[in-house]
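Trainee: Pasting a structure here, questions to come.
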Amino acid sequence: MPTHNRAEDLRLTLESLCEQTLSADQYEVVVADDGSHDETRAVVHSFARRLRLKYLFQEDLGARPTQVRDNGVTRVRNAGARLAAAPLLVFLDCATLAGPELLTAHLLAHTPPTVPGTAIAGYVYGYPPRKVDDPDYSLAGLAEAVRTLTPRQVADRYRDEPRFRDPRHGEFEKVGFDLGNRIFPAELFWSSNCSVPAVDFWAVGGFDEDFRGWGLDDVDLGYRLARNGTAIQLSLDAWAIESPHERDGAVNFAGLLRNAQRFFGKYRFAEPALELGWLVMQSPDEPALSTLETLNRQVADWTRQCAGLTVATELEAAFESIPPDARVAVFGAGAVVPDLRQSCVLADFDRQVVDRLAADGPGKHHDVRHNVGIHTGLPDGAVDTVVITSRLDGLWGTFGPAILAEARRIGTRDSVLTADR
């Protein structure tokens, strides 16, 4: 549990961890302090006889040259995880009060906890879906309730209030509360309440410490876990309550945008889900959780519809007008590529098509990418001409402008459209 200058919130969270249904000898609590200057250390020590505690203090790095405070949260989380002796790691934010069955539920979701393969997103009541100063956000009496009632009593009082629900609740509901039915479950993997076997956590290197400020460091961890074969699932029984506290929405959103650059750039837009995530982040408004999954499903549906559609004839016709020395990228290449005169960038949104191109046939001589064409990860002016095939017809209504913008960004000549749109 990371913390910074929130001694009273920390006290409430530690109190909730004293009331777990899991026997106290079956878990330890590691408090990772990112340079607090308040009574945090004293609060931790006051629980020494009630919890098996470890306390880690790291120096506060303060403000960076950007004037955005480096809260060191990824670094301190990793440092805390290194102190943990158990094979199962549960991450909980400070000011997040654990429901009495939280640790039992996380433990039961990993059976046994030494077996890798699953990461659990726990349910979080009370997390603000909007800025704290938004009049539609406030729940009358919630701040007082979390300080005077048990987490169970708070949950019972507010459970039927829509604003008390986890802001991910609607997305959970759409997939029957089974994140295995979601195309991009990492988007809903939040470090405020989650668990992962230590072996899986360290297999992907833990949290990326190059993230700074608020946002996406946990999604990034979930994405790397999923890429490494760890399934992300939900536990409604492993619930917690986020206690109300002040947030600077403008600073947080700025941090989110900054971390988005880090997140998408590090993977070089290696798959359509990342292209779509990047597109969503370009919105001037804070993106809704539903947006990315909706776009992912549109691409998935079209991928099934056009399975087997080849565009070799289109490509042959297009390349008749392209100089033999031109650098070319093809969006929607398909699995059957004619014998082209030059090496090209071949992009397609179908994973099976990409794997086939990369493994054998003409594609093995090309730069093969798993992309729609919304953002290829190529530098500006990387090619002379971009060929856009009819395999993108079913996506054109939604993504056409973004695909054209990308073609113009990476191309130095006019793009060639091979289908009449």
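Trainee: With +1 on each Lys and Arg Cβ and -1 on each Asp and Glu Cβ, how big is the dipole of the chain about its Cα centre, in debye rounded to the nearest 20?
Mentor: Around 520 debye, computed over the chain.
Trainee: Rounded to the nearest 10 degrees, what's the angle between the helix 7-18 long axis and the longest principal axis of the chain, both from Cα atoms, 0 to 90?
Mentor: In the chain, helix 7-18 runs at an angle near 80 degrees to the longest axis.
Trainee: Sticking with this structure for a sec: To the nearest 500 deg cm²/dmol, what mean residue ellipticity at 222 nm is calculated for the chain from DSSP H runs of n ≥ 4 alone, each contributing -39,500 (n - 2.57), summed and divided by the residues?
Mentor: Using -39500 (n - 2.57) per qualifying helix, the result is -11000 deg cm²/dmol.
Trainee: What accessible area per residue comes out for the stretch 269-310, rounded to a whole number of Å², with a 1.4 Å probe?
Mentor: Numbers: 2060 Å² over 42 residues.
Accessible surface, normalised per residue, equals 49 Å².
Trainee: Gaussian network model of the chain, Cα springs within a sub-10 Å range: biggest mean-square fluctuation belongs to which of 164, 319, 189?
Mentor: Of 164, 319, 189, the most mobile in the Gaussian network model is 319.
Trainee: Using only alpha carbon pairs under 8 Å that are at least six residues apart, calculate the relative contact order of the chain and give it in whole percent.
Mentor: 14 percent
Trainee: Separate question: Show me the ranking of peptides 96-102, 309-315 by mean Cβ neighbours inside 10 Å, starting with the highest.
Mentor: For the peptides 96-102, 309-315, the packing ranking is 96-102, 309-315.
Trainee: Show me the ranking of peptides 43-49, 7-13 by mean Cβ neighbours inside 10 Å, starting with the highest. Numbers along the way, then the final one.
Mentor: On the way: 43-49: 15.0, 7-13: 20.0.
The most tightly packed comes first, giving 7-13, 43-49.
Trainee: To continue, here is another question. Fully extended, how many nm does the chain gain between residue 307 and residue 231 (0.36 nm per residue separation, minus their Cα-Cα distance)?
Mentor: Working it through step by step, the gained length comes to 24.7 nm.
Trainee: Right, next: Suppose each label sits 7 Å from its Cα in the direction of the beta carbon; what would the residue 24-residue 49 distance come out to in nanometres?
Mentor: For the pair residue 24/residue 49, the computed spacing is 1.0 nm.
Trainee: Could you work out how far apart the two model spin labels at residue 298 and residue 86 are, taking each label as a point 7 Å from the Cα in the direction of the beta carbon, and quote it in nm?
Mentor: According to this spin-label approximation, the distance is 4.3 nm.
Trainee: GluC sites (Glu not before Pro), restricted to the stretch 315-421: which are DSSP loop and have at most 10 other Cβ atoms within 10 Å?
Mentor: Listed in order of number, the matching sites are 320.
Trainee: Report the residues of the stretch 82-97 in range of a label on residue 108: point 7 Å along Cα→C-beta, backbone N strictly under 18 Å from it.
Mentor: 90
Trainee: Once the Cα atoms of helix 73-83 and of the chain are each reduced to a long axis, what angle between those two axes, in degrees from 0 to 90 to the nearest 10, is obtained?
Mentor: Approximately 60 degrees, to the nearest ten.
Trainee: Could you work out the mean projected area of the convex hull around the alpha carbons of the stretch 356-411, in square nanometres to one decimal?
Mentor: Averaged projected area of the stretch 356-411's Cα convex hull equals 4.2 nm².
Trainee: For the chain, with a Gaussian network of springs between Cα atoms less than 10 Å apart, report the residue from 208, 25, 350 with the top mean-square fluctuation.
Mentor: 25
Trainee: Another question about this same structure. So how tilted is helix 217-227 from the main axis of the chain? Cα-based, degrees 0 to 90, rounded to 10.
Mentor: Around 60 degrees separate the two axes.
Trainee: 7 Å from Cα along Cα→Cβ at both residue 405 and residue 39: what's the point-to-point distance in nm?
Mentor: Modelled inter-label distance: 5.1 nm.
Trainee: By how many nm would the segment from residue 8 to residue 268 lengthen if fully extended, with 0.36 nm per residue of separation less the alpha-carbon distance? Don't jump to the answer; show the numbers that get you there.
Mentor: On the way: separation 260, 0.36 × 260 = 93.60 nm, distance 4.19 nm.
Once the chain is fully extended between residue 8 and residue 268, it gains 89.4 nm.
The values are calculated or read from the model by the stated rules, or taken from the named source; none is laboratory data. Bear in mind that the values here come from a model prediction, so they are computed numbers and not experimental data. Reconstructed Cβ throughout: ideal geometry from the backbone, glycine too, with neighbour counts over all protein chains shown. Side chains are part of the model used for accessible areas, which takes the heavy atoms of the whole protein and leaves out ligands, DNA and RNA. Shrake-Rupley method; radii C 1.70, N 1.55, O 1.52, S 1.80 Å.
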